[in-house]
Amino acid sequence: MENKHSLRNMVLEDINQERNRQDEKWGIQRHDLGTWLTILVEEVGEVAQAMQTNKGWGKETDASNLYKELIHVSAVSGAIAEQLLEEQT
């Protein structure tokens with residue numbers, strides 16, 4: 001098994017790649033916190049669907065790759081954090 005730091009770096013790189021993909025697809029997004037919350041909760045819902053799929057529960061969904069859905073949640077959270085830092089400067 002790979003060491004903890006190597007795994008962490010892989011996850012962080014996947015989050016960064018997803019952030020880049022999001023920026024390419026939608027441009028740099030800036031929203032009020034309520035809109036961000038809606039986006040984030042939708043992504044968390046997809047994590048829940050993937051977890052249910054892995055258990056054999058729930059409905060059929062495209063959200064079956066738990067790792068990928070967790071990366072999406074992390075990337076959206078990162079986008080929110082980026083905006084907050086931008087607004088502080």
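The values are calculated or read from the model by the stated rules, or taken from the named source; none is laboratory data. Worth saying up front: this structure is predicted, and the values here are computed from it rather than measured. Cβ sites come from the backbone with ideal geometry, for glycine too, and all protein chains shown count toward neighbours.
Could you identify the single residue in N9, N3 that is surrounded by 12 or more Cβ atoms within 10 Å (Cβ to Cβ), free of Cβ contacts under 8 Å to residues at least 24 places away in the same chain and more than 15 Å from H72 (Cβ to Cβ)?
Working: N3 fails: surrounded by 12 or more Cβ atoms within 10 Å (Cβ to Cβ).
Residue meeting the stated conditions: N9.
Condition (residue is modelled with pLDDT of 95 or more, over 25 Å from L7 (Cα atoms) and among the hydrophobic types (A, V, I, L, M, F, W, C)) applied to region 41-63: is it met by at least one residue? Lay out the reasoning, then the answer.
Going through region 41-63, the residues modelled with pLDDT of 95 or more turn out to be 41-44.
From the residues that got through so far, the ones that are over 25 Å from L7 (Cα atoms) too are 41-42.
Then keep just the ones that are among the hydrophobic types (A, V, I, L, M, F, W, C); that gives 41.
Checked region 41-63: at least one residue is modelled with pLDDT of 95 or more, over 25 Å from L7 (Cα atoms) and among the hydrophobic types (A, V, I, L, M, F, W, C).
Residues that are of a type in the set (V, I, T), touching a helix residue (DSSP H, G or I) at 6+ places or on another chain (Cβ under 7 Å) and not in a loop (DSSP other than H, G, I, E, B): does region 29-36 have at least one?
Taking region 29-36 and keeping what is of a type in the set (V, I, T), we get 35.
This time we only want the ones that are touching a helix residue (DSSP H, G or I) at 6+ places or on another chain (Cβ under 7 Å), so: none.
Within region 29-36, none of the residues are of a type in the set (V, I, T), touching a helix residue (DSSP H, G or I) at 6+ places or on another chain (Cβ under 7 Å) and not in a loop (DSSP other than H, G, I, E, B).
Suppose the filter is within 16 Å of E82 (Cβ to Cβ) and loosely packed, with under 10 Cβ neighbours inside 10 Å; does D23 pass it? Reasoning before the result, please.
Details: within 16 Å of E82 (Cβ to Cβ): yes; loosely packed, with under 10 Cβ neighbours inside 10 Å: no.
Here the answer is no, as D23 does not meet what is asked.
Would you tally the residues in region 17-49 being closer than 11 Å to A79 by Cβ and either touching a Leu at 6+ places or on another chain (Cβ under 6 Å) or among the basic types (K, R) (or both)?
Qualifying residue count, region 17-49: 2.
How many residues are modelled with pLDDT of 95 or more and either of a type in the set (V, I, T) or in a loop (DSSP other than H, G, I, E, B) (or both) if we restrict to region 1-26?
Number satisfying all stated conditions: 2.
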